[in-house]
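Please read the structure below before turning to the comments.
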Amino acid sequence: MPPLPSELAYVPFVSVANMMGLVHHIGIEQVLCDLADAIEADFKRWELFDKTPRVASHSDVGVIELMPTSDGEMYGFKYVNGHPKNTKEGLQTVTAFGLLADVDTGYPKLLSEMTLLTALRTAATSAMAARHLAPKGARTMAMIGNGAQSEFQCLAFKAICGIDTVRLFDIDQAATARCAANLAGRGLNVVQCQTSQSAMEGAEIITTCTADKQNATILTDNMVGSGVHINAIGGDCPGKTELHRDILLRSDIVVEYPAQTRIEGEIQQLDDDHPVTQLWQVIAGSAKGRSDEKQITLFDSVGFAIEDFSALRYVLNAIQGTSYSTQLDMIADPDDPRDLFGMFERANS
Ligand SMILES: NC(=O)c1ccc[n+]([C@@H]2O[C@H](COP(=O)([O-])OP(=O)(O)OC[C@H]3O[C@@H](n4cnc5c(N)ncnc54)[C@H](O)[C@@H]3O)[C@@H](O)[C@H]2O)c1
């Protein structure tokens with residue numbers, strides 16, 4: 001029998017089943033609130049982090065991306081894809097997994113599924129940003145695009161911003177019906193709409209969360225009245241946007257990391273020097289969020305590595321003392337660190 005791996009060989013792994021169990025155990029709205037707080041706290045220490053636009057590998061049908069960052073103590077990265085055509089083939093548009101490692105030794109500390117965690121962290125980030133940008137007392141949100149991310153977005157805005165009504169629209173009515181059914185009994189007034197215009201009626205917050213690999217026009221300029229907050233999620237790749245350019249020109253635009261958003265976000269439609277505000281500065285109080293009732297605020301979200309880092313660290317803490325992880329024999333750990341070959345040989349005896 002080959003020798004058993006040592007303690008150091010093992011890395012906690014959170015499978016999809018365990019992530020679902022963990023989130024049910026804590027409660028999804030609590031997790032969304034906790035993630036919003038964790039991400040906000042990390043955005044407050046923004047300057048400490050290594051930052052780089054994500055590394056994207058594009059094809060005609062989608063993109064595969066790596067999203068790394070470090071705060072000097074921990075290093076993290078996420079693998080994520082975006083393939084809008086996938087749902088027609090019975091596959092998801094977005095899947096992901098990620099890893100946290102100790103900067104001091106380079107040893108991994110956590111490997112986790114991140115498809116669910118991405119939906120949770122994206123929704124938590126959106127609602128956290130809206131806490132700073134949306135009109136005070138907003139109660140109604142239009143939710144355009146009712147796919148995989150949509151219920152998470154609706155629940156985050158309920159739990160974090162106090163939204164009580166969501167007005168749903170999708171070009172696929174079956175998606176709207178599914179989203180409405182999933183949200184039933186969760187304390188939200190859910191209205192299914194036939195057009196994007198009707199979804200917008202009375203909405204103080206507009207979330208666009210569609211998937212299409214083109215410069216789409218989900219919102220035209222005439223659809224957006226003064227004073228609203230737009231949470232634009234689905235424009236997150238070169239050549240993949242959701243809003244008409246004229247809306248951008250009327251909005252105060254807040255972004256995660258300009259160097260990445262200028263490549264991937266709605267603002268790829270604007271000049272490179274068009275003024276934008278960074279979300280971390282609004283959170284830190286060094287830049288203005290919403291300053292008047294008539295202003296249109298736009299969170300041009302593309303998703304940034306620090307949000308995934310915060311989410312992974314939250315999961316690493318949350319699994320301590322629970323059974324929501326398994327141990328993966330992932331790191332080769334020879335007794336003599338330089339005798340990797342000897343360990344390999346003994347496995348054959
Ligand atoms: N910003 C971020 O951090 C972040 C994170 C995750 C996903 N995303 C993006 O969010 C988008 C949604 O992701 P998902 O996983 O929910 O995708 P999905 O494929 O599950 O759902 C997208 C929905 O959009 C609908 N749709 C497409 N065109 C539309 C239109 N013109 N009007 C109304 N509805 C339309 C589709 O019918 C579908 O139901 C994707 O573009 C994805 O890349 C962004």
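Taking the options L312, L328, name whichever one is in contact with a Leu (Cβ under 9 Å, 6 or more places away or on another chain) and surrounded by 22 or more Cβ atoms within 10 Å (Cβ to Cβ).
It is L312.
For segment 326-349, enumerate the residues that are over 25 Å from L110 (Cβ atoms), assigned to a loop (DSSP other than H, G, I, E, B) and of a type outside the set (D, E, K, R).
The answer is A347, N348, S349.
Scan segment 285-311 and report the pairs whose first residue is under 25 Å from T241 (Cα atoms) and at pLDDT 95 or above and whose second residue is assigned to a loop (DSSP other than H, G, I, E, B) and within 16 Å of the ligand (Cβ to nearest atom), with Cβ atoms within less than 6 Å and a gap of 6+ or a chain change.
Filtered contacts from segment 285-311: D300/G265; S301/I233; V302/D236; V302/G265; F304/E256; F304/Y257.
Check S6, S57, S70 and return the single one that is in contact with a strand residue (DSSP E or B) (Cβ under 6 Å, 6 or more places away or on another chain) and hydroxyl-bearing (S, T, Y).
Result: S57 is the single residue among S6, S57, S70 that is in contact with a strand residue (DSSP E or B) (Cβ under 6 Å, 6 or more places away or on another chain) and hydroxyl-bearing (S, T, Y).
Considering only residues of segment 204-217 that are within 20 Å of the chain's Cα centre (by Cα) and within 13 Å of the ligand (Cβ to nearest atom), which is farthest from Q260 (Cα to Cα)?
Going through the qualifying residues, I end up with I206.
For segment 189-198, state whether one or more residues are buried (at least 24 other Cβ atoms within 10 Å of the Cβ) and either touching a residue at least 60 places away in the same chain (Cβ under 8 Å) or more than 15 Å from the ligand (Cβ to nearest atom) (or both).
no
Within the set of pairs 6+ apart or on separate chains, which have a first residue in segment 145-162 that is of a type in the set (S, T, Y), a second that is within 9 Å of the ligand (Cβ to nearest atom) and in a loop (DSSP other than H, G, I, E, B), and C-beta atoms under 7 Å apart?
Pairs that qualify, where the first residue is of a type in the set (S, T, Y) and the partner is within 9 Å of the ligand (Cβ to nearest atom) and in a loop (DSSP other than H, G, I, E, B), are S150/C209.
Out of the strands (runs of 3 or more DSSP E) lying entirely within segment 225-309, which hold 3 or more residues that are more than 10 Å from the ligand (Cβ to nearest atom) and either under 25 Å from T69 (Cβ atoms) or more than 23 Å from the chain's Cα centre (by Cα) (or both)?
251-255
Looking only at segment 169-188, count every residue that is near the ligand (Cβ under 9 Å from one of its atoms), under 20 Å from the mean Cα position of the chain (by Cα) and farther than 18 Å from Q92 by Cα and tell me the total.
0
From the list D170, D164, which residue is more than 28 Å from A17 (Cβ to Cβ) and surrounded by fewer than 19 Cβ atoms within 10 Å (Cβ to Cβ)?
Matching residue, one of D170, D164: D164.
Which of the residues belonging to segment 174-184 are loosely packed, with under 13 Cβ neighbours inside 10 Å and either within 13 Å of C154 (Cβ to Cβ) or in contact (Cβ under 8 Å) with a residue 12 or more places away in the chain (or both)?
Result: A181, A184.
Restricting attention to segment 117-168, which residues are assigned to a helix (DSSP H, G or I) and near the ligand (Cβ under 10 Å from one of its atoms)?
T118, A119, R121, T122, A123, T125, S126, S150, E151, F152, Q153
What residue, of L91, L35, L100, is away from the ligand (no atom under 13 Å from the Cβ) and either of a type outside the set (K, R) or free of Cβ contacts under 8 Å to residues at least 12 places away in the same chain (or both)?
L100
Here are the criteria: (1) without any contact (Cβ under 8 Å) to a residue 40 or more places away in the chain; (2) crowded, with 23+ Cβ neighbours inside 10 Å. Tell me which single one I206 does not satisfy.
Answer for I206: the failing condition is (1).
List every residue pair whose Cβ atoms sit under 7 Å apart, with the two residues 6 or more apart in sequence or on different chains, where the first one lies in segment 54-67 and is touching a residue at least 60 places away in the same chain (Cβ under 8 Å) and the second, anywhere, is of a type in the set (D, E).
Between residues of segment 54-67 that are touching a residue at least 60 places away in the same chain (Cβ under 8 Å) and residues that are of a type in the set (D, E), the close pairs are R54/E65; A56/E65; M67/D308.
For segment 329-346, how many residues are at pLDDT 95 or above and basic (K, R)?
Qualifying residue count, segment 329-346: 1.
The values are calculated or read from the model by the stated rules, or taken from the named source; none is laboratory data. No experiment lies behind these values; they were computed from the predicted model shown. Cβ coordinates were reconstructed from backbone atoms using ideal geometry, including for glycine residues, and neighbour counts include every protein chain displayed.
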